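All of the numbers you see were taken from the coordinates with simple rules; none came from a lab. Treat the numbers as computed from the prediction; the structure is a model and nothing was measured. Please note: Cβ atoms are built from the backbone with ideal geometry, for glycine as well, and neighbour counts cover all protein chains shown.
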Amino acid sequence: ATLAGCSRPVDGPGTGELLTSELPLPERFRTPLPIPPVARPVKVTADTDHYLITQRVARAELIPGTKTEIWGYDGLFPGPTLRGRKGRRMVVTVRNELPVPTSTHLHGGVTPAESDGFPTDLILPAGYSPAPPGHHSAAGRRHDTSRDYTYPMTQRAATLWYHDHRMDFTGPQVWRGLAGLFLVTDEVEDALPLPRDDRDLPLMICDRSFAADGSLKYPRRDTTHPGAGGIFHAGIFGDVILVNGAPWPRAEVPAVRHRLRLVNASNARRYRLSLSAGTITQIGSDAGLLAAPLPREDVLLAPGERVDVIADFTGLPAGTEVTMANTLGDGPAGDVMRFVITGPAADDSGVPARLSAVAALERTRAVTERRFDFRFGGGLWTINNQPYDPAGTMFSAGLGTVELWRFTSDFHHPVHVHLAHFQVLSRGANGPEPGDAGWKDTVDVRPYETVQVLVDLSGHRGRYLLHCHNLEHEDMAMMANFDIV
Ligand code: C2O
Ligand code: CU
């Protein structure tokens with residue numbers, strides 16, 4: 001295996017290789033932008049909303065006129081949008097009717113460990129069960145064909161997402177469609193005059209490639225384990241950019257402010273997004289609203305990251321085409337979607353100078369400093385030279401403490417921490433960049449760069465994950481467990 005396709009530009013598309021589609025690419029900016037349906041609870045009690053989601057094989061029309069087999073939550077790609085409300089507990093039962101085991105992780109969720117979607121907490125495929133229902137394996141973990149994930153929803157409003165997290169197979173399983181949006185709201189956000197309803201657009205962006213028969217194209221591989229003939233992957237890029245599952249879509253919108261919740265659900269691709277007209281103001285990051293709005297020329301999105309922006313189209317004449325471009329992408333990957341302005345409309349939205357309370361974590365509060373080196377070695381992607389050990393733990397940290405973590409890297413690695421949110425303290429020799437503002441759960445670490453973060457280890461006790469969100473790196477062992485005690 002070689003590192004072919006990995007270049008080391010500081011601001012390139014990331015670490016990976018491009019898979020070229022074998023069918024004619026659809027014309028850009030023709031397909032209407034879909035908005036994933038919002039899931040409805042199957043049961044509502046005094047304090048809890050219950051949902052049921054079935055993972056299944058389905059045929060979807062991603063490319064107009066072509067059927068593509070996907071693996072989807074409720075047979076959809078993206079899956080149905082889950083809407084959480086701070087203070088209302090949610091229980092999401094995920095039933096697996098796919099031919100493979102799965103595990104569902106709520107990315108950005110402050111979730112008890114048993115509901116976090118640990119990579120070996122598998123939901124077995126219905127119809128394939130080596131053990132009777134409810135059987136406990138030697139490790140004591142339940143092996144069932146469905147699983148209840150409990151989300152306490154004690155966290156603030158934020159744009160989260162959920163996706164598959166099966167050990168060694170997250171890349172191919174997310175690529176086939178196992179990802180959806182999870183939007184949390186709260187009273188603080190409700191009180192702000194931000195654009196809402198059809199002017200609040202979640203945009204899940206991911207790249208894919210298609211084989212000649214319309215199927216999703218992903219490298220075949222038998223194993224990812226070292227020494228067993230595993231095929232090395234640097235990361236997989238597609239040449240078709242999907243937004244909410246549609247290739248380079250188009251949205252007709254009035255000339256008013258819109259809230260765009262940008263989610264990078266790509267396996268490996270980084271984006272730098274800009275609009276050809278209008279302005280963008282960042283209002284939120286991974287884990288919710290910023291303290292104050294931040295005017296931006298463009299925004300960077302590494303895999304797993306979210307950026308919440310207000311796109312202001314006020315004053316643009318009817319018929320104006322506003323293209324969202326990706327300046328890190330070559331050729332077709334340089335375009336994302338297009339807004340077409342329909343005309344003026346009333347707009348009572350606004351972007352207040354103060355959005356939310358974000359208390360800066362002080363460095364002096366850090367009780368421990370830790371260093372995590374993300375590096376290629378021994379045919380694997382490793383953290384501190386260690387490949388992932390699902391049974392072990394790299395370190396323990398005290399519940400309720402703050403720690404300083406220092407990430408270093410050889411290539412592009414988007415570093416994601418489960419449970420604990422953090423603030424970026426420094427990047428390279430400088431302070432944080434504008435895109436590092438606010439509470440984060442994923443941070444873009446560029447080649448040969450050191451990023452320091454202050455991690456708020458509150459929430460729950462238990463075993464959690466720290467990993468690279470380049471899904472091919474993740475599958476090739478760039479993960480570590482840690483315990484909150
Ligand atoms: Cu979005 Cu551990 O993942
Ligand atoms: Cu990585």
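Rounded, prolate or oblate: pick one for the chain, where a ≥ b ≥ c are the square roots of the eigenvalues of its C-alpha gyration tensor, a/c under 1.5 means rounded, and failing that, prolate if a/b is larger than b/c, else oblate.
Details: a/c = 1.25, a/b = 1.16, b/c = 1.08.
Note, shape of the chain comes out rounded.
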- [ ] Would you compute the Debye intensity of segment 197-341 from its alpha-carbon atoms alone, equal scatterers and no solvent, and pass along log10 I(q)/I(0) at q = 0.10, 0.17, 0.20 Å⁻¹ to two decimals?
- [x] -0.39, -0.94, -1.22
Task: DSSP bridge orientation in the chain - percent antiparallel, rounded to nearest 5 - done: 70 percent
TODO: Report relative contact order for the chain in percent, whole number only (criteria: Cα-Cα under 8 Å, sequence separation at least 6).
DONE: 16 percent
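Please list 283-291, 395-403 highest first by mean number of surrounding beta-carbon atoms within 10 Å per residue. Mind showing how you got there, number by number?
Details: 283-291: 23.9, 395-403: 15.3.
Averaged packing, sorted descending, gives the order 283-291, 395-403.
Arrange the following residues from fewest to most other Cβ atoms within 10 Å of their Cβ: Ser209, Ser146, Ser103. Provide the component values of the computation, followed by the final result.
On the way: Ser209 20, Ser146 17, Ser103 25.
By the 10 Å Cβ count, ascending, the order reads Ser146, Ser209, Ser103.
Net charge around Leu273, counting only other residues with Cβ within less than 10 Å of its Cβ (Lys, Arg = +1; Asp, Glu = -1)? Kindly include the intermediate steps, with their values, before the conclusion.
Numbers: positive: Arg272, Arg296; negative: Asp298.
Taking every other residue near Leu273 into account, the sum is +1.
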Open item on the list: At a 10 angstrom cut-off on C-beta neighbours, averaged per residue, how do the peptides 162-168, 186-192 rank from highest to lowest?
Closed with: 162-168, 186-192
- [ ] Label segment 300-431 by shape, choosing from rounded, prolate and oblate, from the square roots a ≥ b ≥ c of the eigenvalues of the Cα gyration tensor; if a/c is under 1.5 it is rounded, and otherwise prolate applies when a/b is larger than b/c, oblate when it is not.
- [x] oblate
Task: Simple Cβ-charge dipole of the chain, Lys/Arg +1 and Asp/Glu -1, about Cα centre, in debye nearest 20 - done: 500 debye
Task: Neighbourhood charge, 13 Å Cβ-Cβ cut-off, centred on Leu262 and excluding it, Lys, Arg +1 and Asp, Glu -1 - done: +1
- [ ] Take the alpha-carbon positions of segment 288-360, form their convex hull, and give its projected area averaged over all directions (one quarter of the hull surface) in nm².
- [x] 6.9 nm²
Task: Value in Å of the Kirkwood radius, where segment 31-190 supplies the Cα pairs that are averaged - done: 16.3 Å
Open item on the list: Need one word for segment 370-485: rounded, prolate or oblate. Basis is the Cα gyration tensor (sqrt eigenvalues a ≥ b ≥ c); a/c below 1.5 gives rounded, then a/b vs b/c decides.
Closed with: oblate
Task: Along each principal axis, Cα extent of segment 4-94, largest first, Å - done: 54, 38, 24
Task: Label-point gap, in nm, between Val485 and Glu61 - each point 7 angstrom along Cα→Cβ - done: 5.7 nm
Open item on the list: Please arrange Glu474, Glu17, Glu433 by how many other C-beta atoms lie within 10 Å of their C-beta, fewest to most.
Closed with: Glu433, Glu17, Glu474
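Add +1 for every Lys or Arg and -1 for every Asp or Glu among the other residues with Cβ under 12 Å from the Cβ of Val243, and state the total.
Working: positive: Arg28, Arg208, Arg250, Arg261, Arg338; negative: Asp207, Asp335.
Here the charged neighbours net out to +3.
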Open item on the list: Below 21 Å, Cα to Cα, which lysines can Lys67 reach? Residues fewer than 8 away in the same chain don't count.
Closed with: Lys217
Task: Contact order normalised by residue count of segment 31-190, Cα under 8 Å, 6+ apart, percent - done: 26 percent
Task: Which of Phe232, Phe118, Phe77 has the fewest Cβ neighbours within 10 Å, and the rest in rising order - done: Phe232, Phe118, Phe77
Open item on the list: Explain nothing, just the number: relative contact order of segment 363-484, from Cα pairs under 8 Å at least 6 residues apart, as a whole percent.
Closed with: 35 percent
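Over 13 Å apart: what share of the alpha carbon pairs of segment 270-313 falls there, rounded to a whole percent? Don't skip to the answer; put the middle values down first.
Details: 491 of 946 pairs.
So the portion of pairs separated by more than 13 Å is 52 percent.
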